[in-house]
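Just below is one structure, and these are the notes that go with it.
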Amino acid sequence: MAHIPEGVVSAPVLIAGGVVAVAALCYAVKKLDYSKIPHAAVLAACFFVASLVAVPAGPSSVHLLLNGLMGLLLGWTAVPAIVVALALQAVFFGFGGPLVLGVNAVNMALPALLAAGLIRPVLASAVQAQQRRQIYLLGGAAGLIGVAGTGTMVCLSLVVSSAAYTSAAKIIAITYLPLAMVEMLVTATVVGFIAKVAPEMLLQAQTEPLAEEQTNAEVL
Amino acid sequence: MLASQLQAQHQLRWLSHTDPRVNMLAAGVFALVAVLSHQLSALVLLLVIALLLNGLAGTRWRSVGKRLLAFETFMLLLVLLLPFSISGQTWFSLWGMTASIEGAKQALAIILRGNAVVLTLLALLAIREPINLGYGAAALGFSPKLIHLFMMTVRYIQVLGEEFARLRNAMKARAFAPASNWHTWRSYGWMMGMLLVRSMERAQRIVDAMRCRGFDGSLYLNQQLQWRRKDSIALALLLLLSLLPLGLQLFLEH
């Protein structure tokens with residue numbers, strides 16, 4: 001439900017989405033260091049694979065978006081990773097289309113950036129202080145921000161396109177509720193797991209320059 | 001598991017031997033035409049052309065059907081409610097709500113348009129190797145960093161798909177049956193966490209290996225695309241074909 005098919009949203013929404021997506025993509029790609037491309041690619045692939053899992057939720061099942069988690073782990077790099085994953089999904093699975101890609105990317109990437117901006121710094125200090133509860137709660141919050149943000153954006157893109165979509169948008173918003181719940185729980189568990197096993201992945205924002213220097217020194 | 005999903009097995013004939021840029025440009029123009037067409041007859045023509053392209057490309061009907069099913073739920077939701085939310089001439093009433101003919105027409109237009117685009121993407125792009133599309137995008141002037149990210153993502157989707165299948169099998173071997181409960185969600189969370197941690201380690205190994213081989217910040221594409229005459233002809237034909245619906249629409253309007 002996170003992928004709006006081609007030909008549904010109106011031209012102004014398409015153009016606005018495209019412009020915002022291209023601007024965010026340009027900025028993120030400019031920021032992206034060549035030596036970080038393998039990390040970004042592997043994580044993008046990981047999210048692509050994980051989003052294929054049908055997770056049971058009540059009588060039906062949901063596919064996770066994981067954009068909140070992506071924001072936590074990748075920061076701005078989440079934008080190109082999301083764009084690449086969405087382009088692959090559009091071409092090979094038929095979710096979305098070439099022109100609506102910008103809108104879909106913005107719908108997924110903005111909540112990811114929001115989660116990155118809001119949760120990442122707090123989470124880093126929680127990981128350092130080893131506050132288990134706090135880590136789980138923050139992970140869940142990131143998942144919730146991702147899904148709720150994307151759900152809101154999808155509904156907004158529909159409603160802004162045409163007032164006739166309002167009732168459909170309401171139903172779509174309801175379908176996001178089970179997804180939000182499951183995603184919140186799963187993201188909390190993933191973040192809790194990573195905090196235990198590889199806390200450095202969550203501390204990147206603070207330790208990145210140091211690690212970079214070290215590896216460069218080793219190579220040179 | 002994913003390799004087969006990514007490269008659907010088709011009996012490829014046409015359109016898979018052209019320059020990838022031809023397919024990408026044609027797909028873009030086709031989507032644009034789809035968005036610009038609003039007359040039902042033009043959209044029907046668009047869908048017919050999309051089916052024709054699938055016939056030419058030699059895609060299998062089963063995979064076509066699968067793809068269409070995948071996005072039809074979203075479409076159904078939108079489309080079932082549209083006749084009721086747009087006011088106009090009454091078509092029928094149900095539980096006190098009236099469906100309008102205008103709404104039904106608009107719903108039909110959306111269905112035709114969405115399906116046509118999905119089918120075209122299948123016929124023009126999905127039959128190509130993802131890496132080939134990467135070369136095409138590079139030749140079209142996309143940022144090299146983005147291209148490298150795309151290429152490596154395609155590669156690692158396959159690798160991680162296998163890794164994921166292994167983890168899944170390990171869970172199955174321990175009698176894990178997914179259900180709607182806390183145990184399932186936590187187990188999936190751990191599995192995804194494990195996949196992420198292993199992926200990160202793998203990424204670090206890749207960077208190290210690349211540095212060992214003299215990685216200086218730029219990767220080189222090992223294939224130069226050559227634009228041949230038959231590519232120009234194919235592109236011209238495809239563009240002509242995709243512009244037909246717009247022509248029909250203009251003709252009908254005047």
Worksheet item: Net charge near B:LEU32, counting Lys/Arg +1 and Asp/Glu -1 over other residues with Cβ under 15 Å of its Cβ?
Response: 0
Worksheet entry | Ordering of A:118-127, B:148-157, A:10-19 by packing [mean C-beta count within 10 Å, highest first] | B:148-157, A:118-127, A:10-19
Worksheet item: chain B: D in µm²/s via Stokes-Einstein (Kirkwood Rh, Cα pairs, 37 °C, 0.692 mPa s)?
Response: 150
Practice prompt. Output the pairs from A:LYS31/B:LYS172; A:LYS36/B:LYS172; A:LYS30/A:LYS196; A:LYS36/B:LYS66; A:LYS170/B:LYS105 with a Cα-Cα distance over 30 Å in this structure; if there are none, say none.
Written response: A:LYS31/B:LYS172; A:LYS36/B:LYS172; A:LYS30/A:LYS196; A:LYS36/B:LYS66
Practice prompt. Determine the distance separating the Cα centre of region B:202-250 from the Cα centre of region A:75-148; give it in Å without decimals.
Written response: 28
Response to the item:
Partner shielding of A:116-127, as the mean number of partner chain Cβ atoms within 10 Å, equals 0
Response to the item:
Taking chain A and counting helices only, DSSP H stretches of n ≥ 4 at -39,500 (n - 2.57) each over all residues, the nearest-500 ellipticity at 222 nm comes to -26000 deg cm²/dmol
Worksheet item: How large is the charge dipole for the protein assembly as shown, taken about the Cα centre, if only the Cβ atoms of Lys, Arg (+1) and Asp, Glu (-1) carry charge, to the nearest 20 debye?
Response: 820
Worksheet item: Taking a quarter of the surface of the Cα convex hull of region B:80-186, what do you get in nm²?
Response: 13.1
Worksheet entry | Cα extents of region B:140-212 along the three principal axes, largest first (Å) | 47, 30, 17
Practice prompt. Report, as an integer, the average count of C-beta atoms from other chains found within 10 Å of each Cβ along A:196-202.
Written response: 3
Worksheet, complete the sentence: A:ALA164 neighbourhood, Cβ < 15 Å, K/R = +1, D/E = -1, net charge +1
Practice prompt. Could you calculate, for the protein assembly as shown, the ratio of the Cα radius of gyration to the Kirkwood radius, expressed as Rg to Rh?
Written response: 0.98
Worksheet item: Can you give me the relative contact order of region A:11-210 as a percent, contacts being Cα pairs under 8 Å and 6 or more apart?
Response: 25
Worksheet item: Across the residues of B:78-86, average count of Cβ atoms on other protein chains within 10 Å?
Response: 5
Discussion item. Give me P(r) over region A:11-210, computed from all C-alpha to C-alpha distances, binned every 10 Å, as integer percentages.
Written reply: 9, 35, 37, 16, 3, 0
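Any read-out appearing in this document is the output of simple, stated calculations on the displayed coordinates, not a laboratory observation. On a predicted model such as this, the values are computed, not experimentally measured, just so you know. All Cβ positions, glycine included, derive from the backbone under ideal geometry; neighbour counts span all protein chains shown.
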